[in-house]
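Heads up: the structure comes next, in structure tokens.
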Amino acid sequence: MKTDGNQRTTKQKSVREYIAHSKRANDTKKNDSQSSSQPCQRDFGQQMCDVSFIIISWNAKKYLHECLISLQEACLHLSHEIIVVDNASTDGSWQMVQNDFPEVLLIRNANNTGFAMANNQGIEVSCGRYLCLVNSDVEVYPESIEFLLEQMGGQPEIGIIGPKVLNSDLSLQRSCRSFPNLKHALFRSLKLDTTFPRSRFFGSYQMTYWSCDDIRNVDVLSGCFLMIRREALRRVGLLDTRFFIYGEDIDLCKRFHDSGWQVVFNPGAQIIHHGGASSASAPTRFWIEMQRARLKYWLKHHGRIDTFVYYNILILHNSLRGIGFWLKCRWSSDENEAMKIQVEKSIKSLCWLLSFSTMWAVVSGKFR
């Protein structure tokens, strides 16, 4: 394990640069690397390995390829397995895994079963003492996995741990949250959280007042990368399949907290999350799915009355965003496709929110 100084050096370079360096450095130890990085021999739970990586793939071939390379390089000295669950991709993703990564366990679904259900498929056939749920558009820094495993091994009260998350340009991507409440929702709809990011009062949901440079317990970690203790998950339960996509990470962290397990952020480990690999092809659809997931979360953990109030805040949120982006489009001399997409997202979201089926689902508490 590198020192903290080396960790800071790592932050200044891209993942690919370090992967290339790691390959050169380990060429002289090729035989040792091959023997120590072999995936575990599966015996469906009887023969355990250090860690199981579960990646859900849906039309993100390029990102998935880079993700798999980074994981292989990050696990040179760990017994591990990589499981890819493909949700009916049509871009050649599963063929690429089959041809380029034959050591990876590939599960192919005939239909898109959703993020939570596909993760559960991978979990149920995995053999790791620890489970890593990894988005397909993530690249992992070398030694980050060992860093997280070391802390998990030394602190048995930790149920979930997550790394520092960086954007593609290596800027900070906020991956820690407080549990959502009505105050947070109202502040976000009025953009008070972004207007006063350093305020602990207005910025408490995304914790924008915090530099994310120290280890601490948090309420929620982003689902782009979660390392989970298998024993804890066995007690808490698998991901809730009522969440098709989005919301399952908040729900899982909530259930871990309620069961007495700690959820910990550790910036000593780092990943890059490119973001939007699957959702970029249909941003409006995924935006609506995100709001559907949020309403499901509120119904599950807050009850009908609070959910109805939250539902109205969502209407306010989309109304204000739609008007704001429409005015920007009108006043801008340049054609701005991104703003037009934002206007479309807001209008279609409002149509969905104000539809009879959505209103009835909120009032009756029966959301599908």
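Residues that are assigned to a strand (DSSP E or B) and either surrounded by fewer than 20 Cβ atoms within 10 Å (Cβ to Cβ) or at positive phi (or both) within the stretch 152-175 comprise LEU172, GLN173, listed in sequence order.
Residues are listed down the side, and each one gets a yes or a no for (1) in the same structural domain as GLY153 (by TED's automatic domain parsing); (2) of a type in the set (Ser, Thr, Tyr); (3) more than 27 Å from TRP360 (Cβ to Cβ):
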site: ILE250; (1), (2), (3): yes, no, no
site: ASN266; (1), (2), (3): yes, no, yes
site: PHE286; (1), (2), (3): no, no, no
site: LEU295; (1), (2), (3): no, no, no
site: HIS302; (1), (2), (3): no, no, no
site: PHE308; (1), (2), (3): no, no, no
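Please determine whether any residue of the stretch 321-336 is acidic (Asp, Glu) and within 17 Å of LEU182 (Cα to Cα). No, the stretch 321-336 contains no residue that is acidic (Asp, Glu) and within 17 Å of LEU182 (Cα to Cα). Remark: pairs (first residue in the stretch 230-247, small (Gly, Ala, Ser); second residue in a loop (DSSP other than H, G, I, E, B) and crowded, with 19+ Cβ neighbours inside 10 Å; Cβ separation under 8 Å; 6+ apart in sequence or on different chains) = ALA232/TRP261.
Hey, could you check the stretch 311-344 for residues that are assigned to a loop (DSSP other than H, G, I, E, B) and of a type in the set (S, T, N, Q) and say which is farthest from PRO283 (Cα to Cα)?
SER333
Go through the stretch 336-346 and count every residue that is surrounded by 15 or more Cβ atoms within 10 Å (Cβ to Cβ) and free of Cβ contacts under 8 Å to residues at least 40 places away in the same chain.
4
For the stretch 237-247, check the following and say yes or no: at least one residue is polar (S, T, N, Q) and crowded, with 18+ Cβ neighbours inside 10 Å. Looking through the stretch 237-247, none of the residues is polar (S, T, N, Q) and crowded, with 18+ Cβ neighbours inside 10 Å. From the list LEU78, LEU105, exactly one residue is modelled with pLDDT of 95 or more, in contact with a strand residue (DSSP E or B) (Cβ under 7 Å, 6 or more places away or on another chain) and not acidic (Asp, Glu). Which is it? From the options LEU78, LEU105, the qualifying one is LEU105. Could you tell me whether the stretch 208-219 includes any residue that is without any contact (Cβ under 8 Å) to a residue 40 or more places away in the chain, assigned to a loop (DSSP other than H, G, I, E, B) and of a type in the set (Val, Ile, Thr)? Yes, the stretch 208-219 has at least one match. Note down all Cβ pairs under 6 Å where the first residue falls in the stretch 319-335 and is more than 19 Å from LEU354 (Cβ to Cβ), the second is at pLDDT 80 or above, and they're at least six residues apart or on different chains. That search, which allows pairs on different chains as well, returns LYS328/MET339; CYS329/MET339.
Kindly state which helices (runs of 4 or more DSSP H) lie completely within the stretch 224-310 and contain at least 1 residues that are at pLDDT 95 or above, touching a helix residue (DSSP H, G or I) at 6+ places or on another chain (Cβ under 8 Å) and not aliphatic (A, V, I, L, M). Lay out the reasoning, then the answer.
Numbers: elements: 230-236, 248-258, 283-301.
Output list reads 248-258, 283-301.
Close Cβ contacts (under 8 Å, 6 or more residues apart or on different chains) running from residues in the stretch 47-72 that are within 16 Å of LEU131 (Cα to Cα) to residues that are among the aromatic types (Phe, Trp, Tyr) and surrounded by 19 or more Cβ atoms within 10 Å (Cβ to Cβ) comprise ASP50/TYR130; VAL51/TYR130; SER52/TYR130; ILE56/PHE115; LEU71/PHE53.
Taken together, ARG198, ARG174 contain a single residue that is basic (Lys, Arg), within 30 Å of LYS61 (Cα to Cα), without any contact (Cβ under 8 Å) to a residue 60 or more places away in the chain and touching a Ser or Thr at 6+ places or on another chain (Cβ under 8 Å), which is ARG174.
Among the helices (runs of 4 or more DSSP H) confined to the stretch 58-137, the ones with at least 2 residues that are touching a His at 6+ places or on another chain (Cβ under 9 Å) and buried (at least 18 other Cβ atoms within 10 Å of the Cβ) are located at 61-74, 93-100. Looking at the stretch 191-202, can you tell me whether even one residue there is buried (at least 21 other Cβ atoms within 10 Å of the Cβ), of a type in the set (A, V, I, L, M, F, W, C) and under 17 Å from the mean Cα position of the chain (by Cα)? The answer is no; no qualifying residue exists.
The values are calculated or read from the model by the stated rules, or taken from the named source; none is laboratory data. Quick caveat: nothing in here was measured; it's all calculated off a predicted structure. Please note: Cβ atoms are built from the backbone with ideal geometry, for glycine as well, and neighbour counts cover all protein chains shown.
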